[in-house]
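Structure first, commentary second.
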Amino acid sequence: MGVAWSAAAAVAPRGPFRRGKSETGQPRTRAGRFPLGYTPWTMRPIGIKLIAQNKKAYHDYHIEETLEAGIALTGTEVKSLRAGRVNLRDSYAAVEKGELFLVGTHISPYEQGNIFNHDPLRSRKLLVHARELRRLYGKVQVAGYTLVPTKLYFKDGRIKVEIGLAKGKTTYDKRQTLAKKEAQRDMERAFRSRDREE
């Protein structure tokens, strides 16, 4: 036969720890209200925050299409990225042993890091679906495309990389792009000066 409980004893928590599950159905832990590593949805960051952009990629390549990929990082790398200490200029993506890697991206060592700080130029694994990887690999092998990172950003608290399927520009194309940009700047200057006169 079971032990009889009073209604007050059943509701009142025992000391600092209440057994059972939290409001979200997660098991409670002694350390706090939620299990380690769990963030309630009301506290999660929302939206996109740009970390770095590879402008040189748009100057040197025709970007045909883009793909969003996750990236596998260490803790000190994430902290350096939060401080914006990254350079995408000479980086590219390569397929090795059936996996996609980001090569040549420089993430500066974390200033408060210790002996476990990361290597700034190590290859980092990119997380994409196998179907997407096969499609990209086919285009890179057959059509002579290359994969370059165009952006690095936080999306809802997770770090993402935008990979561009790119084809190299000729010197003529680069000059034409620069001429278009210069013409656009001249038009904007003319509009601004006209607005000031009125």
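Exactly which GluC sites (Glu not before Pro) in the range 97-188 are in a DSSP loop and have at most 12 other Cβ atoms within 10 Å?
Details: sites: Glu99, Glu111, Glu132, Glu162, Glu182, Glu188; in loops: Glu111.
Of the GluC sites (Glu not before Pro), the ones in loops of the range 97-188 whose Cβ has at most 12 other Cβ atoms within 10 Å are Glu111.
Would you kindly derive the ³J(HN,Hα) couplings of the range 146-155 from the backbone phi angles with the Karplus curve 6.51 cos²θ - 1.76 cosθ + 1.60 (θ = phi - 60°), listing them in order in whole Hz, with x for Gly and Pro?
Values, residue by residue: 10, 10, 10, x, 9, 8, 10, 8, 8, 10 Hz.
What list of ³J(HN,Hα) couplings, whole Hz, do you get for the range 100-116 from phi and the Karplus terms 6.51, -1.76, 1.60, once you set θ to phi - 60° and write x for glycine and proline?
Here the 3J(HN,Hα) series is 9, 10, 9, 10, x, 7, 9, 10, 4, x, 5, 4, 8, x, 10, 5, 8 Hz.
Please identify every one of the chymotrypsin sites (Phe, Trp or Tyr not before Pro) in the range 68-160 that sits in a loop by DSSP and has no more than 16 other beta carbons within 10 Å of its own beta carbon.
Sparse-neighbourhood loop chymotrypsin sites (Phe, Trp or Tyr not before Pro): Phe116.
³J(HN,Hα) across the range 117-125 via Karplus (A = 6.51, B = -1.76, C = 1.60, θ = phi - 60°), whole Hz, x for Gly/Pro?
With coefficients 6.51, -1.76 and 1.60, one gets 5, 7, 7, x, 10, 5, 6, 10, 6 Hz.
Read-outs: derived from the displayed coordinates by stated rules, not from any lab. Owing to the predicted nature of the structure, the values given are computational and were not obtained by experimental measurement. A quick note on method: Cβ atoms are made from the backbone with ideal geometry, for glycine too, and the neighbour counts reach across all protein chains shown.
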